[in-house]
Amino acid sequence: MCGISGFSDKNFFGDKEIILKFQKTLNHRGPDFTNYLEYKPLTLISNRLSILDLSNQGNQPMESSTQRYAIVYNGEIYNHIELRNSYLSNYKFSSKSDTETILELIEKFGIKKTCNLLDGMFAFALLDKVDNKLFLVRDRNGQKPLYYYKNNNSFVFSSEIKVFKHFPNFKNTISKIGEQLYLKFGYIHYPHTIYDEISKLDPKYLLELDLHNNNINFSEI
């Protein structure tokens, strides 16, 4: 279990206080290593729990070999060795982590085909520096959580809802729909959450954020 989070907002870019609060809030999910990557207006934050690769080479945020892509990732890809052998046999890996496998598959095949090759549980955020976009993805069964919040100027994402309370101007307005769903079913079905401002990404869906204009689009993986 790792914790991933981040935000895109030119007014708060480089705000170390926000970054530190995000990191501390998710430290219980990933106590082994925490770091962040800044690419204006976006900040990617990782709290890592080391499992497949205990070395520093598996740390996140991780960049692809061409540095086009950067990722923060929570999950485990069960077939990542098989994918390396089948599709990336000529590539010289620097780690044993499935994170690097995902990145290099995306370099070769793109994000949607890569997601269809992955057998596992995952949620990740991927920065594309060439197209200036951020992608959020959840696995088909939704085993790993991923929440997001958007207003006119800001976009925030995280593995856990309580992170959002540390972002400026977040209102914490209780969702009537979320409240009704919880009282009726005992849980809140995606995309709703207990807060009006926060949504939960649907399983097997891809959220695409344009970092130029803060517009988002959705598609299935």
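The values are calculated or read from the model by the stated rules, or taken from the named source; none is laboratory data. Remember, predicted model here, so these are calculated numbers, not experimental data. Here the Cβ is made from the backbone with ideal geometry for all residues, glycine too, and neighbour counts use every protein chain on show. The area values use the complete protein model at the heavy-atom level, side chains included, leaving out ligands, DNA and RNA. Shrake-Rupley method; radii C 1.70, N 1.55, O 1.52, S 1.80 Å.
Brief remarks on what is shown
- Restricting attention to the range 149-169, the residues that are touching a residue at least 40 places away in the same chain (Cβ under 8 Å) and open to solvent by 30 Å² or more (accessible area, probe 1.4 Å) total 8.
- Hey, G110 among the small types (G, A, S) and touching a strand residue (DSSP E or B) at 6+ places or on another chain (Cβ under 6 Å) or not: no
- Search result, residues across the range 190-221 that are part of a loop (DSSP other than H, G, I, E, B), open to solvent by less than 50 Å² (accessible area, probe 1.4 Å) and touching a Pro at 6+ places or on another chain (Cβ under 8 Å): L201, D202, L211
- Filtered residue count, the range 23-62, keeping only those that are open to solvent by 60 Å² or more (accessible area, probe 1.4 Å) and aliphatic (A, V, I, L, M): 3
- Yes/no for V163 being among the β-branched types (V, I, T) and in a helix (DSSP H, G or I): yes
- Residue within the range 73-81 that is surrounded by 17 or more Cβ atoms within 10 Å (Cβ to Cβ) and within 22 Å of K16 (Cα to Cα) present: yes
- Selected residue (criterion: nearest to the chain's Cα centre (by Cα)) from residues of the range 1-22 that are surrounded by fewer than 16 Cβ atoms within 10 Å (Cβ to Cβ) and closer than 20 Å to L136 by Cβ: M1
- Subset of the range 163-221 (residues that are of a type in the set (K, R) and closer than 22 Å to L44 by Cα): K165, K200, K204
- Qualifying residue in the range 170-189 (condition: among the aromatic types (F, W, Y), surrounded by fewer than 13 Cβ atoms within 10 Å (Cβ to Cβ) and modelled with pLDDT of 95 or more): no
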